[in-house]
Amino acid sequence: MKFLCVECDQQMAFAERHIPGDGTLAATFKCPKCGRVVAMLTNPMETQLVSSLGVEIGGRTVPAEPFEMVNATVVTGGPSWSTDAQERLARVPNFVRGMVKKIYADYAKERGITEITPAIMDTARAELGLEGM
Amino acid sequence: MRTYHQLTDPDRSGLADQIGAQRRRVAEQLAGVKRIVAVMSGKGGVGKSYVTAHLARALARGGGAVGVLDADLNGPTIPGLLQAAPTPRPPAVGLDGVKCVSMGQFLDEGAPLAFTGPPAESFVWRGAMEASALRELLGDVAWGALDFLLLDLPPGMQRYLELCDILGNPPAVLTVTIPTPESRDAVRRAMRAALERGSELLGIVENMVGGELKGSAADELAREFEVPVIARMPWHPSLEEWSALASRFPQAAVPRPQAPGPRP
């Protein structure tokens, strides 16, 4: 996917990526000649499709971890995750998401919690001393 | 207005480079593997996983270093057949020292394979997620030096085609069938597809021979595709019969996986 500033006949350059946490993605591109900026907005399905390729719009800032995609996205069979909790988990950096997910899942399993919600995540963070996760 | 291929400035996302790096990672991890063989059928229930696991064990008992990749992501059985316990750093090591990796090692007991993501229209992205998971099972495992890496494929052709893309070269194929005409017809389609994609057909293992299942699928397919029937396995094969299969297993090297360059 590339963007062309038709007026300048210039290929636009990637400028910024924004992940709002609702499953969507925003990426901005800037014309190097006239400075015009456009934003590409993808819906959750489109975002998931890009994510499923194991690539990152805007380039990788850290190398891929082993089993990054599997650890981050495979539902292991533990408690279910509410949509809000999934969105919050999606904001955790890829390379630690799997570990963070497992910590919350283990916390829920040990307490017989069947669905992880943002409230459960807050409680777990406080109890387990996981501030920042 | 210029078109896609006429825009050649480098972009910061470098998506093609990221894909290229993924392929190189797979090629690097498989660099020590001498032979990669996909065990496939096109037909379900013919015993592919059973044959794969026991062939791997027999090859290992014969002195080979052997790994098995369980490419049946939705119905993984290899860890159970090899009695390989999950490990935080795959591959796990099972019976007779066979290394293995499987989606089963990432899932809770009895849990189906499911991905987080938008539930609506999930068919759009689920296939891509499975292909990425397969790539990680191949490329994120320290296989080390192996004489054989057997790829246990599920029924159908989807996983085989994904493997061809990820490996860069179509893997050699060992076909498993049962004697029946129904199996013959399904396996024929799979063999034809593998041939058209450029795979070397190593031969046929006819499984579940000598019981209620009637037919001559292996002989008919062998004639049609000019490949050998490597073994006919009874319902309860002995160790000697598995060893005989391993001894007849083609030893010739297969093409090395190639790391394709970035695609535009």
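The values are calculated or read from the model by the stated rules, or taken from the named source; none is laboratory data. These numbers come from a predicted model, not from an experiment. All Cβ positions, glycine included, derive from the backbone under ideal geometry; neighbour counts span all protein chains shown. Accessible surface areas use protein heavy atoms only, side chains included; no ligands, DNA or RNA. Shrake-Rupley method; radii C 1.70, N 1.55, O 1.52, S 1.80 Å.
Filtering the stretch A:15-28 to residues that are within 9 Å of another protein chain (Cβ to nearest Cβ) and modelled with pLDDT of 90 or more leaves A:Ala15, A:Ala27.
Residues that are open to solvent by less than 60 Å² (accessible area, probe 1.4 Å), within 24 Å of A:Leu53 (Cβ to Cβ) and within 14 Å of chain A (Cβ to nearest Cβ) within the stretch B:71-103 comprise B:Ala71, B:Leu73, B:Pro76, B:Pro90, B:Val101, B:Ser102, B:Met103, listed in sequence order. Restricted to the stretch B:4-32, and to residues there that are closer than 30 Å to A:Val6 by Cα and among the aliphatic types (A, V, I, L, M), the residue that is most open to solvent (accessible area, probe 1.4 Å) is B:Leu15. Among the residues that make up the stretch B:229-250, is at least one of them of a type in the set (Asp, Glu), open to solvent by less than 20 Å² (accessible area, probe 1.4 Å), within 19 Å of B:His54 (Cβ to Cβ) and not in a loop (DSSP other than H, G, I, E, B)? Within the stretch B:229-250, not a single residue is of a type in the set (Asp, Glu), open to solvent by less than 20 Å² (accessible area, probe 1.4 Å), within 19 Å of B:His54 (Cβ to Cβ) and not in a loop (DSSP other than H, G, I, E, B). The requirement of being assigned to a helix (DSSP H, G or I), of a type outside the set (Phe, Trp, Tyr) and modelled with pLDDT of 95 or more is satisfied by B:Ala53. Looking at the stretch B:117-129, is at least one residue crowded, with 22+ Cβ neighbours inside 10 Å, part of a loop (DSSP other than H, G, I, E, B), within 11 Å of another protein chain (Cβ to nearest Cβ) and touching a residue at least 24 places away in the same chain (Cβ under 8 Å)? No - not one qualifying residue is present in the stretch B:117-129. Quick check: is even one residue across the stretch B:22-36 at pLDDT 90 or above, in a strand (DSSP E or B), aliphatic (A, V, I, L, M) and at negative phi? Checking the stretch B:22-36: at least one residue is at pLDDT 90 or above, in a strand (DSSP E or B), aliphatic (A, V, I, L, M) and at negative phi.
Residues considered: B:Asp185, B:Asp152, B:Asp147. Of these, the only one that is charged (D, E, K, R), more than 14 Å from chain A (Cβ to nearest Cβ) and without any contact (Cβ under 8 Å) to a residue 24 or more places away in the chain is B:Asp185. Selection of the stretch B:56-68 for residues being free of Cβ contacts under 8 Å to residues at least 24 places away in the same chain and in a helix (DSSP H, G or I) yields an empty set. When B:Asp108, B:Asp152, B:Asp140 are checked against the criterion of being modelled with pLDDT of 95 or more and within 21 Å of A:Phe67 (Cα to Cα), a single residue qualifies: B:Asp152.
Scanning the stretch A:49-65 for residues that are open to solvent by 20 Å² or more (accessible area, probe 1.4 Å) and in a helix (DSSP H, G or I) gives A:Leu49, A:Val50, A:Ser51.
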